[in-house]
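Notes follow the structure.
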Amino acid sequence: MDEFLTIGDVASRTGVATSALRYYEERGLIRSLRTEGNQRRYPRAVIRTVSVIRAAQEVGLTLNEIADALASLPGGRTPTTADWSRLAKGWRNNIDERIAELEALRDDLGDCIGCGCLSLRTCALFNPGDRAAAGGTGARYLVGDERPSPEDA
């Protein structure tokens, strides 16, 4: 057990709370062994896995998406650089889509915040008669739904 880390060691090395580590384990994202006293012990490689989980969460991936990707890693051995590269490639399209959504949000909201909406006919968020509700929840025009023309408003 000398090559294994306590939950406190992993928390200290990764900056992730012990409660989060227990949650990740409950979700199957990481694994530990138990001592005779039922204390968790983690292999050192878990530091990289936890770091990947946190980085993926920071760019907006859900724990389900992260779990699916981690499940593709080989069992029984520490993932190699090639394994991690393959995992990252699987996330690339998703991350690119999120970047596009963030850019649209930045571009469309940049001039709106604090403007007081003096011109509802040209506002990027204008939603006459709540027509956007048919497309789903949220800011439909910011996620790419077509806006009605000013003549239709």
Hey, what do the phi angles of segment 71-76 turn into as Karplus ³J(HN,Hα) couplings, whole Hz, using 6.51/-1.76/1.60 and θ = phi - 60°, x for Gly and Pro?
-> 5, 7, 6, x, x, x
Assign one of three labels to segment 13-104, namely rounded, prolate or oblate, based on the Cα gyration tensor with a ≥ b ≥ c the square roots of its eigenvalues; rounded applies when a/c is under 1.5, prolate when it is not and a/b is larger than b/c, and oblate otherwise.
-> prolate
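By its C-alpha gyration tensor, with a ≥ b ≥ c as the square roots of the eigenvalues, how is segment 1-44 shaped: rounded for a/c under 1.5, else prolate for a/b larger than b/c, else oblate? List each step's numbers first, then the result.
On the way: a/c = 1.76, a/b = 1.23, b/c = 1.43.
Oblate, because a/c is 1.5 or more while a/b does not exceed b/c.
Under the 0.36 nm per residue contour assumption, what length would be gained going from the current alpha-carbon distance of Ala71 and Ala17 to full extension?
Values: separation 54, 0.36 × 54 = 19.44 nm, distance 2.27 nm.
That works out to 17.2 nm of additional length.
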Estimated distance in nm for a label pair at Gln57 and Asp96, the labels positioned 7 Å out from Cα along Cα-to-Cβ = 2.8 nm
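What is the gain in length, in nm to one decimal, between Thr80 and Ala134 on full extension, counting 0.36 nm per residue of separation less the C-alpha to C-alpha distance? Please list the in-between numbers first.
Working: separation 54, 0.36 × 54 = 19.44 nm, distance 4.63 nm.
Working it through step by step, the gained length comes to 14.8 nm.
Values in this text are rule-based calculations from the coordinates and carry no lab data. All of these numbers come straight from a predicted model, not from anything done at the bench. So basically every Cβ, Gly included, is an ideal-geometry build from the backbone, and we count neighbours across all protein chains shown.
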